[in-house]
Amino acid sequence: MYKFNQFIAVIAVVSSLMMGMTSPVLAQTQSPSATDLTPLQQQLKSGNWKASDIETRRLIQQWIFPKGDVYAKPEVNQIPCESLKAIDTLWKQASNNQFGFSIQQQQWQKLSPKDRSSIEFFGKKMGWVRPKPLTETELQEKWFASTWVMESEVNFTPNAPVGHLPWPGISQERVMSLINEIGLGCGSCSIDAMYLQEERNYTYLPAFYNRVNTCLASNPTSLSPLETALASGNWKEANRLTSLGILDLAGKREQTYLIATDTRKLSCQSLKKIDQLWVKYSQGRFGLSVQAQIWQNLKGKSYEDSLKFEKAVGWTGTQPIFDLKSAPKGHLPLRPVLSDGMMNAWGGGWIQELSNRLKSCL
């Protein structure tokens, strides 16, 4: 992906940031950080790998299949980075770095699967693809799972291959329910069963590990693109990196904007880091906290107040001002909208909610 992925990875715990373009209504939603991982933590602590695997799949599938339709295109970008990282950490700690998404991701990156055969080769490394084809007799029974192992064949022991767990498949119960319906006259059930057991892997795995890469590929040097842009005074590039990076973290690039409630989900740690960099390199003239303070000084509450805010930060012009000396205080960064941001303060209450969120992070 683009170079700004280096930046967004280090703040991957940010599941979303700022407000969207249209919605003034603030619905109550659960924060990714509020995801209850207690059952998973307890199962992993007790060494119950099978129960841990089932719970992990339940958590992941609630995000990628929000309507419960496992035949739909998996919405992998809806997996909150903060939750994905927390799940991965629990698995690595419990298994002494034998299992976990990041362990799998290391092998995925090393092999760089690009087609069907290379994806199957990755599956063999993980222990998810049969080391040898089924015999003719076995194939009669498991024709729908000829290449990839079924849930009953997953190795839920400490002797499993490195990266074997969590298993990315669909439960055997779900697959077998389709097989049983074939005898009842279901014409499409055989195709559906093969899709869930076999074909799904060739599209799901690349998409999933792309999301894992975005969320987990963090290291101390990952912030360099944003920090380099800010340190060099390249305010336009820094603004672009911030806008696109936040959209990617929220999984909203295709949507091109964020909705109002996303502000309530963001990690205080990551929000502060983004803000600190802007404030540091602009000598206190730019930054999210600078904008929030201006809003608070206006005692802003309404759409009319947002118009006053826009005037105060210089968002009433026709073009952004990417110059530290001539831009008004609080002018940057712009509200994140593909691809460079938007000079608009409201967008469903963006500045109001951002100010409230920053205040709660103190």
At 1.4 Å probe radius, can you tell me the per residue accessible area of the stretch 159-198 in Å²?
46
State in Å² the accessible area per residue of the stretch 269-362; use a 1.4 Å probe, count heavy atoms of protein chains only, and round to the nearest integer.
48
In terms of the Cα gyration tensor, with a ≥ b ≥ c the square roots of its eigenvalues, is the chain rounded because a/c is under 1.5, prolate because a/b exceeds b/c, or oblate?
prolate
Hey, rough spin-label estimate for Glu138 and Tyr303, points 7 angstrom out along Cα→Cβ, what's it come to in nanometres?
6.6
Using a ≥ b ≥ c from the Cα gyration tensor of the stretch 152-220 (square roots of the eigenvalues), is it rounded, prolate or oblate, where a/c under 1.5 gives rounded and otherwise the larger of a/b and b/c decides, a/b for prolate?
oblate
Highest-first arrangement of 330-339, 116-125, 94-103, 61-70, where packing means the average Cβ count within 10 Å
330-339, 94-103, 116-125, 61-70
Which whole-number percentage describes the relative contact order of the chain, with Cα contacts under 8 Å and a sequence gap of 6 or more?
29
Using the heavy atoms of the protein chains and a 1.4 angstrom probe, tell me the accessible area per residue for the stretch 63-143 in square angstrom.
56
Accessible-area value, Tyr71, 1.4 Å probe, nucleic acids and ligands omitted, Å²
80
At 1.4 Å probe size, with the rest of the protein present, what percent of the exposed accessible area of the chain is carbon and sulfur atoms?
51
Evaluate E = 1/(1 + (r/R0)^6) for Gln106 and Gln283, where r is the Cβ-Cβ distance and R0 equals 56 Å; express this FRET efficiency to the nearest 0.05.
0.85
What FRET efficiency would be calculated for the residue pair Ala231, Gln293, taking the C-beta separation as r and a Förster radius of 25 Å, to the nearest 0.05?
0.60
Distant-in-sequence amide H partners of Arg335 (H built 1.01 Å from N, under 5 Å):
Met342, Asn344
Lys301, Lys85, ranked by accessible area, largest first (probe 1.4 Å):
Lys301, Lys85
Quick calc, Asn356 & Lys325: beta-carbon distance into FRET formula, R0 35 Å, rounding 0.05, result 0.65
Calculated from backbone phi, Karplus (6.51, -1.76, 1.60) coupling profile of the stretch 76-88 in Hz, x at Gly/Pro:
5, 6, 8, 5, x, 4, 4, 6, 4, 5, 5, 4, 4
Provide the gained length on full extension for the span Thr38 to Tyr202, in nm with one decimal, where the gain is 0.36 nm per separating residue minus the Cα-Cα distance.
55.9 nm
Considering only protein heavy atoms, what is the solvent-accessible area of Lys311 at a probe of 1.4 Å, reported in Å² to the nearest 10?
150
Considering only protein heavy atoms, what is the solvent-accessible area of Arg174 at a probe of 1.4 Å, reported in Å² to the nearest 10?
90
What shape does the stretch 233-325 take by its C-alpha gyration tensor, where a ≥ b ≥ c are the square roots of the eigenvalues and a/c under 1.5 counts as rounded, a/b above b/c as prolate, and the rest as oblate?
rounded
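The values are calculated or read from the model by the stated rules, or taken from the named source; none is laboratory data. Just so you know, these numbers come straight off a predicted model, no measurement behind them. Don't worry about glycine lacking a Cβ; one is built from the backbone with ideal geometry, like all the others, and counts go over all protein chains shown. Please note that ligands, DNA and RNA were not included when accessible areas were found on the heavy atoms of the full protein model with its side chains. Shrake-Rupley method; radii C 1.70, N 1.55, O 1.52, S 1.80 Å.
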